Amino acid sequence: MTLRTRVLLGFSVVFVVVIAAAFVTVSAQRAQLYDQLDDRLRSTPLPPEARSRTPVAAPQAVEDTPPAPATERRGGRPVDGDSLSDLYVAVITPDDVARSVIEGQLLGDVPDLRQFVDDPPTGEVLVTVDGVDGSSRFRALFLPGTNASLETVIAVPVDDVDDTVRQLTLTFAGVAAVILFVLIVIASWLNRFGLRPIGAMTDVAEAISAGERDRRAEVPDPTTEAGRLGHAFNVMLDERDAGEERLRQFVSNASHELRTPLTSIRGYLDLYAAGGFRQPGELDDAMRRLQVESERMNLLVEDLLVLAKFDEEQPIDISTFRVDEMVRDVAALAFAGHPDRHIEVVGDDAIEAAADRLRLHQAVAVLVDNAVRHTPDAAALRV
C-alpha cells in the first residue's frame, strides 16, 4: 500500500467517523425529544368523557344564540380557555366511532385515528401517525378501554420535533461538508508538497538505477521536509559522482605510477641479461635501486587496497634522508627504463631533508617519467 493510499484511507476514515458521530447525535436527540413527548402524553390527565363508559354529547349551538368567537369554538363545539394548546384527545365509542374530546386551538390538523378504530391495540401503545389533511404528524398514545372508561387516544403534533431534527441534520450536513472540503484541501496540499515530490524522487531513483545517472530530483520548495529530502538526495548523488571521479582519477594515477617502477625494474633486468653490472659494486647498487622501486610499488599496492577508504588521508612516514641521492636514484631508474634517452642530474651538494622518502620519491619519479614520455626522444633531460 502506497503512502498516498494510506493518507486517503486515513482521511476517509476520519470523514466516516464524523458522519457516524453526526448520525448518532441526531438519532439520540430525536429519541430524547420523542421521549419528552411520550412523557407528556402519559402525564396528561384523562377528560371526563374518557373516564365514563357513557359518552357525553357535545352541547349543540342554539339557533337564536349568536355564535361564540372563534377562539372559543372548534370543530362545531364549544371549548374552554384551557384548550389554547396543541393537545388532541379523542375517545372511541362502543359503536366504533372516534369522537374528538379536546382539540387545542393551536392545532392545524388532527390525527388520523382509523388504525385505532379498525384494529384497536390490546394494550397501551405509543405510535406516530399522520394527520387527516397530511400537513402534520402526531405522536399518539392509545389507552385501551376498561369497564369504567372508553378507549382513549391522546396525541400531540411532532412538527416541532421534526423541524428540530431536520435543522440539526442540516447543520451536521453543513459541518460535514465543511470538514470534507477541509480534508480535500489538506489532502491536496499534502499531495502537492509532500507525496508528489517523494514520488518524483522515486522516479528519479528508478531512472538512475536504469542508467540515467545525470538525473536529479526537482526541489520546488527547499523549506519543506520533501524539499529538504530532495536537496539531500541531490547532494548525495553529486557526492557519489565526485567520489567516483576521484576513484577513477586515483586508479589512473596509480596505474601510471605503477608503470614507472615496473619499467625501471624490467630495464635493470634487461641490462643484467645483456651482460651489464659485471663490475664490482654495480650489481649491489642496482639491487639497492630495485629495492627502492619495489618499496614504492608496495606503497602503491597498499594505496589500492584502501580504495574503499579513499577519502581518508594515509599517514606520512617522516624520516631524514639524502635528497640528492634519492634524485640520482630516480634518474638512474628512468635511464634503465629508457636507455636511449640522455638524463643528467645537476648538483653535487649533499641535501638532507626530513620527509616521507617513498612519497617524495614517487612525486619526483612521476615528474621525470612525464618528461621522458612527453618530450622528443632526442631531447636531453636535466634534473
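The values are calculated or read from the model by the stated rules, or taken from the named source; none is laboratory data. Since we're looking at a predicted model, the values are computed, not measured. Note that each Cβ is placed from the backbone with ideal geometry, even for glycine, and that neighbours are counted across all protein chains shown. Calculation scope for accessible area: heavy atoms of the full protein, side chains included, ligands and nucleic acids excluded. Shrake-Rupley method; radii C 1.70, N 1.55, O 1.52, S 1.80 Å.
So, in the stretch 176-228, how many residues would count as being among the polar types (S, T, N, Q), touching a residue at least 24 places away in the same chain (Cβ under 8 Å) and part of a helix (DSSP H, G or I)?
Total meeting the criteria: 1.
Can you pull out every residue in the stretch 103-122 that is open to solvent by 50 Å² or more (accessible area, probe 1.4 Å) and not in a loop (DSSP other than H, G, I, E, B)?
Residues satisfying the conditions are Arg114, Gln115, Asp118.
When you check Ala68 against the structure, is it assigned to a loop (DSSP other than H, G, I, E, B), modelled with pLDDT under 80, in contact with a strand residue (DSSP E or B) (Cβ under 7 Å, 6 or more places away or on another chain) and closer than 24 Å to Asp130 by Cα, yes or no?
In short, no.
Go through Thr128, Thr152 for me and flag whichever is open to solvent by less than 40 Å² (accessible area, probe 1.4 Å) and either in a strand (DSSP E or B) or not polar (S, T, N, Q) (or both).
Thr152
Just one of (1) at pLDDT 85 or above; (2) crowded, with 16+ Cβ neighbours inside 10 Å; (3) assigned to a helix (DSSP H, G or I); (4) within 52 Å of the chain's Cα centre (by Cα) trips up Ala173, so point out which.
Unmet for Ala173, out of (1) at pLDDT 85 or above; (2) crowded, with 16+ Cβ neighbours inside 10 Å; (3) assigned to a helix (DSSP H, G or I); (4) within 52 Å of the chain's Cα centre (by Cα): (2).
Do we have any residue at all in the stretch 271-280 that's under 29 Å from Ile208 (Cβ atoms) and surrounded by 13 or more Cβ atoms within 10 Å (Cβ to Cβ)?
Taking every residue of the stretch 271-280 in turn, none turns out to be under 29 Å from Ile208 (Cβ atoms) and surrounded by 13 or more Cβ atoms within 10 Å (Cβ to Cβ).
Within the bounds of the stretch 236-252, is there any residue that is among the charged types (D, E, K, R), at pLDDT below 75 and under 28 Å from the mean Cα position of the chain (by Cα)?
no
Right, Pro157: in contact (Cβ under 8 Å) with a residue 24 or more places away in the chain, open to solvent by less than 50 Å² (accessible area, probe 1.4 Å) and closer than 28 Å to Leu37 by Cα or not?
It is true that Pro157 is in contact (Cβ under 8 Å) with a residue 24 or more places away in the chain, open to solvent by less than 50 Å² (accessible area, probe 1.4 Å) and closer than 28 Å to Leu37 by Cα.
Applying the selection to the stretch 332-359, what residues are more than 12 Å from Val292 (Cβ to Cβ), within 59 Å of the chain's Cα centre (by Cα) and not in a loop (DSSP other than H, G, I, E, B)?
Selection gives Ala355, Arg359.
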